[in-house]
1. Only one of these is within 21 Å of residue 177 (Cα to Cα) and at pLDDT 80 or above: 22, 50, 104. Name it.
2. If you scan region 89-107, which residues turn out to be within 12 Å of the chain's Cα centre (by Cα) and hydrophobic (A, V, I, L, M, F, W, C)?
3. Consider region 105-133. How many of its residues are under 16 Å from residue 93 (Cα atoms) and out of contact with any helix residue (DSSP H, G or I) (no Cβ under 6 Å at 6 or more places or on another chain)?
4. Let me confirm something: among 140, 128, 111, which residue is in a strand (DSSP E or B), touching a Lys or Arg at 6+ places or on another chain (Cβ under 7 Å) and charged (D, E, K, R)?
5. Of these, 162, 120, which one is at pLDDT 75 or above, small (Gly, Ala, Ser) and surrounded by fewer than 18 Cβ atoms within 10 Å (Cβ to Cβ)?
6. Please go through region 59-90 and give me each residue that is assigned to a strand (DSSP E or B) and closer than 18 Å to residue 124 by Cα, ordered by number.
7. For region 56-71, which residues satisfy the criterion of being under 14 Å from the mean Cα position of the chain (by Cα) and either more than 25 Å from residue 137 (Cα to Cα) or crowded, with 21+ Cβ neighbours inside 10 Å (or both)?
Amino acid sequence: MSEFDSKLTTPEAELAELDGDLELDSNLELDSNLELDSKDPDSDDVEIALERLPQRRRHLRASIAIPAPTERVWQVLTDYDRLAEFVPSLQESSCVGEEDGCTLLRQVGTERFLRLSFSAAVVLKMQETHLQRIDFIMTEGDFNEFEGSWELDAAIDDATDAPCVQLTYALRLQPPRRMPARLIEGRLSHRRSPRLAPNFPRIR
């Protein structure tokens, strides 16, 4: 097994059930959330759309207004070596090189549900458009497909009329067969305010 082979431990019957029609606990957290200090983690501030695509693919789009300067949000998002401090399921996040002028970021994540646990590793190519957008795509790792973006747009908070950043996270992924799609879907689609402080509001 290579370092990019995910590790999965669960009875086969439970794995089959999890990848079927099992309803996931609504208290599961969104996998990629950003919370910059003043957001209430129990509020419904995040707009989330999750699309099921053929061949077990999932497309997530999440958006939240962050009451912080664009520069601060950008600083948190691009402090790649510290992301594991903010993202609960992220064990490791470290820059491992460059390719075509883009940072190569290795991340290792872990998940648990009932008696199921697995870990997965990816190397992401991070393409930055300064203070506007970060695009990422997997160059190697455990997923069949893993790519997306962070997008920052200057905005005005409707409630306070104060400047803010509208942060939008998009992710398209396809897990391997050994990762239950339903489990990943439950983690992605939870409608609690992300905590990426930045789940990425922590961010996470």
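1. Just one listed residue meets the conditions, 50.
2. Within region 89-107, just 90 meets the criteria.
3. Result for region 105-133: 14.
4. 111
5. None of the others qualify; the one that does is 162.
6. Taking region 59-90 as the starting set, the residues that turn out to be assigned to a strand (DSSP E or B) are 59-66, 90.
Scanning region 59-90 gives 59, 60, 90.
7. Residues satisfying the conditions are 60, 62, 64.
The values are calculated or read from the model by the stated rules, or taken from the named source; none is laboratory data. It should be emphasised that the depicted structure is a prediction, and the values quoted were computed from it without experimental measurement. Reconstructed Cβ throughout: ideal geometry from the backbone, glycine too, with neighbour counts over all protein chains shown.
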